[in-house]
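Just below is one structure, and these are the notes that go with it.
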Amino acid sequence: PGLGGSPLIGLLPYLVVLWAFYGGFGIASDLVTGEKDKGTLETLLVSPVERREVALGKFLALCLVCLFSSLATFVAITACGALRLQAVADLFPTGLQVTPSSALGVAMVLLSLVALFAAVLLAVSARAKTVRESQTTLTMVSFLVLLPAVFSQFLGFSGQEREVWVKLTPVLNSAQVLREALLSRIDWPGVGLTVSTSLILALALLGLAVRPFASGKMLGKG
């Protein structure tokens, strides 16, 4: 069932996770720090719109970019499997059968992961003083995303893929649940822990991102 016979089963969750982060990576610095350097952010913050709403609007924009970037990879590969194209037939020897419950699990995990990544990107950009500082910090943060994503490809060899610590480790838990969903093996308690972990961290980081907007520090006040 699922993608069980495909060599892409270990690679696809890795690509989806990476593009969910790097999709927003390119615009995160310009979204806040870049506007602050150009002076356009001050005009936006003195408008009648609540500053928290400005921050949330930028958060949602990052969510959409991250989501579309990850979905582009996921849709392209799954479409090839579903259509059974001759050119990629060897990559999908058993075709592609993703159950509705698997699709629901993928959607829940991916949306919570996108929220986490968007909150991380916005928090760094909102608190950085310059575009260069923002880009440098985001580059360091990217290793915290890259390492668990890479490790997820080898987790199955350790026999610890169903351990609780895996389900509570950000990024690693999402990649593992995505892999199991593509194999049509849904562990709903694991999905619940994974989604909860991502959303709790996303809310905490979003609070860090919104605070500079609300306090006036974005304009050099307070």
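Which one is nearest to THR73 (Cα to Cα) among residues in the stretch 127-145 that are open to solvent by 30 Å² or more (accessible area, probe 1.4 Å) and not in a helix (DSSP H, G or I)?
Filtering first and then ranking leaves THR130.
Rundown of residues vs (1) at pLDDT below 75; (2) surrounded by fewer than 20 Cβ atoms within 10 Å (Cβ to Cβ); (3) among the aromatic types (Phe, Trp, Tyr); (4) touching a helix residue (DSSP H, G or I) at 6+ places or on another chain (Cβ under 7 Å), yes/no style:
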{"site": "LYS36", "(1), (2), (3), (4)": "no, no, no, yes"}
{"site": "THR40", "(1), (2), (3), (4)": "no, yes, no, no"}
{"site": "VAL54", "(1), (2), (3), (4)": "no, yes, no, yes"}
{"site": "GLY57", "(1), (2), (3), (4)": "no, yes, no, no"}
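For the stretch 194-209, how many residues meet the condition of being of a type in the set (Gly, Ala, Ser), open to solvent by 10 Å² or more (accessible area, probe 1.4 Å) and under 12 Å from LEU56 (Cα atoms)?
Residues in the stretch 194-209 being of a type in the set (Gly, Ala, Ser), open to solvent by 10 Å² or more (accessible area, probe 1.4 Å) and under 12 Å from LEU56 (Cα atoms): 1 in total.
Please go through the stretch 30-41 and give me each residue that is over 12 Å from ALA118 (Cα atoms) and assigned to a helix (DSSP H, G or I), ordered by number.
The first filter runs over the stretch 30-41 and keeps only residues over 12 Å from ALA118 (Cα atoms), leaving 30, 32-41.
If the condition is that a residue be over 12 Å from ALA118 (Cα atoms) and assigned to a helix (DSSP H, G or I), then ASP30, VAL32, THR33, GLY34, GLU35, LYS36, ASP37, LYS38, THR40, LEU41 are the ones that fit.
Tell me the residue from PRO170, PRO212, PRO148 that is outside any helix (DSSP H, G or I) and surrounded by 14 or more Cβ atoms within 10 Å (Cβ to Cβ), please.
Working: PRO212 fails: outside any helix (DSSP H, G or I); PRO148 fails: outside any helix (DSSP H, G or I).
When all the criteria are applied, what remains is PRO170.
Take the stretch 42-52 and flag every residue that is open to solvent by 60 Å² or more (accessible area, probe 1.4 Å) and either farther than 23 Å from ARG211 by Cβ or of a type in the set (S, T, N, Q) (or both).
Correct list: THR43 only.
Tally up the residues in the stretch 75-110 that are at pLDDT 70 or above, more than 13 Å from the chain's Cα centre (by Cα) and assigned to a helix (DSSP H, G or I), please. Please lay out each step first, then the result.
Filtering the stretch 75-110 for residues at pLDDT 70 or above gives 75-76, 99-110.
Restricting the remaining residues to those that are more than 13 Å from the chain's Cα centre (by Cα) gives 75-76, 99-105.
Keeping just the survivors that are assigned to a helix (DSSP H, G or I) gives 75-76, 100-105.
The qualifying residues number 8.
Among what's in the stretch 151-166 and is more than 19 Å from TRP188 (Cβ to Cβ) and surrounded by fewer than 13 Cβ atoms within 10 Å (Cβ to Cβ), pick the residue that is modelled with the lowest pLDDT.
Here the residue is PHE157.
The values are calculated or read from the model by the stated rules, or taken from the named source; none is laboratory data. The structure displayed is predicted, hence computed values, not measured ones. Ideal geometry is used to build each Cβ from the backbone, glycine not excepted, and the neighbour counts take in all protein chains shown. When the accessible area is computed, the model is the full protein with side chains, heavy atoms only, and any ligands, DNA or RNA have been set aside. Shrake-Rupley method; radii C 1.70, N 1.55, O 1.52, S 1.80 Å.
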